[in-house]
Amino acid sequence: MTKHNKLDRWVKDMAGLCKPDSIIWIDGSEKQKKNLEKEAFSTGELIQLDQKKLPGCVYHRTAINDVARTENLTFICTKRKSDVGPINNWMSPPKAYKKASDIFRGSMKGRKMYVIPFSMGPVGSPFSKIGVELTDSIYVVLNMLIMTHVGRDVLDALGCDGEFTRCLHGKAQIDINKRLILHFPEDNTIWSVGSGYGGNVLLGKKCLSLRIASHIARKEGWMAEHMLIMGLEDANGHIQYITGAFPSACGKTNLAMLVPPKSFKKKTYRVWTVGDDIAWMRIDSDGCLWAINPETGFFGVTPGTNSLSNPNALKTIEKNTIFTNVLLKPDRTVWWEDSDGPVPKKGIDWKGYPWKPGRLDKDGKVIKGAHPNSRFTAPISQCPSVSFRLEHHHGVPVSAIMLGGRRAHLAPLVYESFNWQHGVYVGATMASERTSAQFGKLGEVRFDPMAMLPFCGYNMGDYLKHWLKLGKKMVKPPRIFYVNWFRVDKQGKFLWPGFGENIRILDWILKRCNNEVGAIKTPIGYIPKIEDINMSGLNLSKDIQRQLFSINKKEWREELERQYKFLTKLKNSLPKEIWQEYGALNKRLK
Ligand code: OXD
Ligand code: MN
């Protein structure tokens, strides 16, 4: 019980619906966490990993039908359908509450309901938002303890009448036919039922910090974005911050923790990691854009994480980490595809079956030990490059915004937009090829404005208007760049080495922000003069360097046709400025 009557009443009402055997308030203490872990070990919800090799680490498997976010079962529920726009799934609030209530009703009988008071952003900061999640999953509690600020101080900050997001989660039967992820922005409420997968159930993350927050941000005049935040400290100790919007599985986590390569000698940088997934950005009293990461942990994809792609992530997950759907080795450590070291001779795969390398399924496909979307949940405080400004109430000032996607062709390694409005157009028409982590045809191009397609809590056209409006309010808006690490040659080989070498492009971006270098004006934006990019030690032939920055007008005109089809889907809500930029690009390409 708290001194917040509305909160107490809501918890009681929800318990009345779900009928748990008992209600447990989560206080954020180590002691309570250990007890919950013990309980989860006894039921099999979690497996304890080798505590000498992986201290504080645990293992979890989700149900086989529950391994990723389910966008088709995710709804924004507002009174008026037009408020969510043509891209989001919509359901009317009465229908949504009724449908979900029928699934929630009595679903926690024989289970406990945990009450998690959490803050997204430092507790007490005027930038932060408080939520309370009710859940019947210990796995969710333990993840939320890593990903958010949890505990009594959150209740203290809430006081007796503070506003909070009401988050209700229940596993129910983990039945895909009875799974709903519902957002009620007008009620500041989230209901998620029938899933145990992180993106669907850690309600502070995508649901609150992006879908609900983007709705609030529009009303309050700030931005909630699917972006990493990183600081780059130069040899003189001067730190500049960059944010970056990339769709899922395009390397945000790797970039946010980048380790500059030894061969990059001319100018050394130290990278500071502020966040890898979400940025809340406001115009501060200086008229500039400032960003905070509302999360306190990483919920990162494991396959492909290795000492080349992300050495800092490997150090981050050495302890106190939850591993989900990776391969469990006989020595109670873990493994995933494309990690360091030898492939284990055997193990238990993410489905819980005995596994050996090279085994084929009935269709002749190699059976993976770890699911392609298997994850680690780890505290950001354990990251060797964690920023000392993480808990700073005002966050960090943003010098540049990067946008990007996975494009085998078309987009050059980097280009800069002409101005804010043009940058918003570049973001509105961002597209990325589907990866194996996403449902759909591999390689197919999917438009994903600002990487927010699955996360914007309202009409995408209005969202773009909001970007344009805020740009006009800033004294010095950040410059907007587009990057593409994924361009390939005729044989399908990546042209750019990526990972740590991306620092060379970040270096150019900062030089542009500081007006230290010029650029070449092309129809799509400014591209670098090759000599302004530090390529020392890379051994890239002149031909590859040329290919990385080439702009094929015919391919761009074809892209414009695809853009046209996508933009017309946004209908009347699309701001006229986006069509203006479209028309201007069309003209420049003729
Ligand atoms: C994530 C995602 O988990 O984008 O961050 O799916
Ligand atoms: Mn994400």
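The values are calculated or read from the model by the stated rules, or taken from the named source; none is laboratory data. Here the structure is a predicted model, which is why all the values come from computation and not from measurement. All Cβ positions, even for glycine, are placed from backbone atoms using ideal geometry, and neighbour counts span all protein chains on display. Accessible surface is based on the protein model in full, side chains and every heavy atom, while ligands, DNA and RNA are left aside. Shrake-Rupley method; radii C 1.70, N 1.55, O 1.52, S 1.80 Å.
Close amide H contacts of V334 (hydrogens built in the peptide plane, cut-off under 5 Å, sequence separation of 5 or more or a different chain): K329. Between the range 187-225 and the range 70-91, what is the C-alpha centre distance in whole Å? Spelled out, the Cα-based centre of one part sits 13 Å from the other.
For the chain, the solvent-accessible area of protein heavy atoms averages 41 Å² per residue (probe radius 1.4 Å; ligands and nucleic acids excluded).
Of the accessible area of the chain, with the probe set at 1.4 angstrom, what percent is carbon plus sulfur? Can you show the working numbers first?
Details: 12700 of 24120 Å².
Within the chain, the accessible surface is 53 percent carbon and sulfur.
Working note: Karplus 6.51/-1.76/1.60 with θ = phi - 60° gives the range 462-470 the couplings 5, 4, 5, 4, 4, 4, 5, 5, 5 Hz, where Gly and Pro are set to x. The alpha carbons of the chain stretch over 67, 56, 51 Å along the principal axes, in descending order.
What order do you get for 455-468, 306-319 when each peptide is scored by the mean count of other beta carbon atoms within 10 Å, highest first? Don't skip to the answer; put the middle values down first.
Details: 455-468: 22.3, 306-319: 19.3.
Going by the mean number of other Cβ atoms within 10 Å, highest first, we get 455-468, 306-319.
Cα extents for the range 74-222 along the principal axes, largest to smallest and rounded to whole angstrom: 41, 39, 25.
Pairs of alpha-carbon atoms within less than 8 angstrom and 6+ residues apart define the contacts here; what relative contact order does the chain have, in percent? Don't skip to the answer; put the middle values down first.
Working: 1259 pairs, mean separation 85.2, N = 590.
Here the relative contact order equals 14 percent.
Legend: calculated FRET efficiency, T268 to E531, from the Cβ-Cβ distance at R0 = 22 Å, rounded to 0.05, equals 0.65.
Could you work out how much longer the chain between E561 and S541 gets when fully extended? Use 0.36 nm per residue separation minus the Cα distance between them, nm to one decimal.
On the way: separation 20, 0.36 × 20 = 7.20 nm, distance 3.31 nm.
Between E561 and S541, full extension yields an extra 3.9 nm.
Nothing charged except the Cβ atoms of Lys and Arg (+1) and of Asp and Glu (-1): what's the magnitude of the dipole of the chain about its Cα centre? Round to the nearest 20 debye.
Working: 87 positive and 58 negative charges, 261 e Å.
Dipole about the Cα centre, nearest 20: 1260 debye.
Each of K3 and N572 was given a label point 7 Å from its Cα along the Cα-to-Cβ line. The distance between the two points is 5.0 nm. Remark: spin-label model distance I47-K521 equals 6.2 nm, labels positioned 7 Å along the Cα→Cβ axis. Selection among P330, G124, L134 by position relative to the dipole of the chain gives P330 as farthest towards the positive end (Cβ unit charges, Cα centre).
Roughly how big is the range 126-223's charge dipole about its Cα centre, with Cβ charges of +1 (Lys, Arg) and -1 (Asp, Glu), in debye to the nearest 20? Don't jump to the answer; show the numbers that get you there.
On the way: 11 positive and 10 negative charges, 83 e Å.
Dipole about the Cα centre, nearest 20: 400 debye.
The string of couplings for the range 210-216 from the Karplus curve (6.51, -1.76, 1.60, θ = phi - 60°) is 10, 5, 5, 5, 5, 5, 5 Hz, one whole number per residue in order, with x for Gly and Pro. With 0.36 nm allotted per residue and the present C-alpha distance subtracted, the V366-E30 stretch has 116.8 nm of extension available.
Based on the alpha-carbon gyration tensor of the range 295-382, what equivalent-ellipsoid semi-axes (square roots of 5 times the eigenvalues) come out, in whole Å, largest first? Don't jump to the answer; show the numbers that get you there.
Values: eigenvalues 116, 30, 29 Å².
Value: 24, 12, 12 Å, ordered largest first.
Rg then Dmax, both in Å and based on the Cα atoms of the range 118-175: 12.4, 39.
Candidates A213, V414, N236 compared by Cα position along the dipole of the chain: farthest toward the positive end lies V414, with charges placed on Cβ. Helical runs (DSSP H, four residues minimum) scored at -39500 (n - 2.57) apiece and divided by the length of the chain put the mean residue ellipticity at 222 nm at -7500 deg cm²/dmol.
Rg over Rh for the range 1-145 works out to 1.00, both radii taken from alpha-carbon positions and Rh defined as the Kirkwood radius. Note on the range 295-382: with charges restricted to the Cβ of Lys and Arg (+1) and Asp and Glu (-1), its dipole about the Cα centre is near 360 debye. Multiplying the residue separation of K351 and S307 by 0.36 nm and subtracting their alpha-carbon distance yields 13.2 nm. Note on the range 463-590: Cα convex hull, mean projected area over all directions, 9.9 nm².
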